[in-house]
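The values are calculated or read from the model by the stated rules, or taken from the named source; none is laboratory data. Since the model is a prediction, treat every value here as computed from it, not as a measurement. Glycine gets a Cβ as well: all are built from the backbone with ideal geometry, and neighbour counts include every protein chain shown.
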Amino acid sequence: NWSATSILDDQVERIREQIGDAKVICGLSGGVDSAVAAALVQRAVGDQLTCVFVNHGLLREGEAEQVESDFVAATGAKLYVANEQDRFLNALAGVSDPETKRKIIGREFIRAFEEAERAIMAEAATEGETIKFLVQGTLYPDVVESGGGEGAANIKSHHNVGGLPEDLRFELVEPLRALFKDEVRAVGAELGLPAEIVGRQPFPGPGLGIRIVGEITGERLELLRKADAIARAELTAAGLDDEVWQMPVVLLADVRSVGVMGDGRTYGHPIVLRPVSSEDAMTADWSRLPYDLLARISNRITNEVEGVNRVVLDVTSKPPGTIEWE
Ligand code: XMP
């Protein structure tokens, strides 16, 4: 017996009560939860909120712009952008092991976020203010058991109850604590957030960093971004977004195979399509996408993405395969 409007009004009221006239910050990951949490707080306390976006350079095509322009346009929120692409590329140079990649990305993310916090605090201090609150996009399922595939996971595990660092200077504001994902999406739509943000499929915090099998380089990221954008655009055009839980597009950077183009031989990398259907990401089945859609994706990627000469389909369920390749 809920409606998005009543949840929204109710939460705006509670947020105002909790925050009063204090200052508050919120990390944006590009994902649904942090965007909706931030938009709610913005609706409640306006310019007392500063949003922080650490761009680690591992997002997909268009995602940084969705945060930097579309989110800001829809909410009017103040946004502090930390462009940290080089920092992450440097820290990840020469690293192929998946868990090492995750550790490095998580560590650098926390450092970058804390630096941004300090810069914002310093600015507030010159105006005689301190920042008292930190917004978290914690959902009800996160409260019950921590986990989930949301991009804000790094911020969460850092600041969340349970893993609280001893020097945590903030009180938490968690306006989504009682909500499930579909309710969060409905509230987001009610707040006027763009469909691309509200309808976004799960995307791992370490982003494209764990979708390049092998070392991460700027060039490889560029290539994977193009292939991923084509696959996503075709899936959407086929009207199948709702049927597919998520579709990782993976670059096998350590593998090369022989191909032919015009009258020349190529020696390029394969791209893997990993469309899955799932309820909760704990188990999954590979999606039976229509052959003509697969053919379109394959033709476009091999024609349009230089360096890729083969597209393969992952037909493994979870278990035994995981959804991501790393
Ligand atoms: P797997 O690959 O374990 O993925 O079947 C299950 C879900 O979790 C997401 N995933 C991650 N999310 N940080 C995240 O925030 C990670 O390191 C990570 N690894 C996997 C994956 O996209 C899927 O939704």
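Per the listing VAL213, VAL276, VAL258, VAL250, the residue uniquely buried (at least 18 other Cβ atoms within 10 Å of the Cβ), at pLDDT 95 or above and over 18 Å from the mean Cα position of the chain (by Cα) is VAL213. Does LEU208 meet the test of being modelled with pLDDT of 95 or more, under 30 Å from VAL12 (Cα atoms) and buried (at least 20 other Cβ atoms within 10 Å of the Cβ)? Criteria not met by LEU208.
Going by the conditions given, is ASP228 among the charged types (D, E, K, R), under 21 Å from LEU89 (Cα atoms) and touching a Gly at 6+ places or on another chain (Cβ under 8 Å)? So ASP228 fails the test. Screening ASN90 against (1) touching a strand residue (DSSP E or B) at 6+ places or on another chain (Cβ under 8 Å); (2) farther than 23 Å from PRO202 by Cα; (3) not in a strand (DSSP E or B) leaves a single unmet condition, (1).
When segment 69-84 is filtered for residues that are among the polar types (S, T, N, Q) and in contact (Cβ under 8 Å) with a residue 60 or more places away in the chain, only THR75 remains. Against the test of being under 30 Å from ALA253 (Cβ atoms) and assigned to a helix (DSSP H, G or I), the options GLU99, GLU17, GLU61 yield a single qualifying residue, GLU99. If you go through segment 126-173 and keep only what is part of a loop (DSSP other than H, G, I, E, B), away from the ligand (no atom under 16 Å from the Cβ), modelled with pLDDT of 50 or more and aliphatic (A, V, I, L, M), you end up with just LEU168. Selection of first residues in segment 98-115 that are of a type in the set (D, E, K, R) and of second residues that are surrounded by 20 or more Cβ atoms within 10 Å (Cβ to Cβ) and not in a helix (DSSP H, G or I), restricted to Cβ pairs under 7 Å at least 6 apart or on distinct chains, gives the following pairs, ordered by first then second residue: LYS101/PRO206; ARG102/PRO206.
Selection within segment 299-310: residues that are free of Cβ contacts under 8 Å to residues at least 60 places away in the same chain and either assigned to a strand (DSSP E or B) or small (Gly, Ala, Ser) (or both). The member of this set that is surrounded by the fewest Cβ atoms within 10 Å (Cβ to Cβ) is ARG310.
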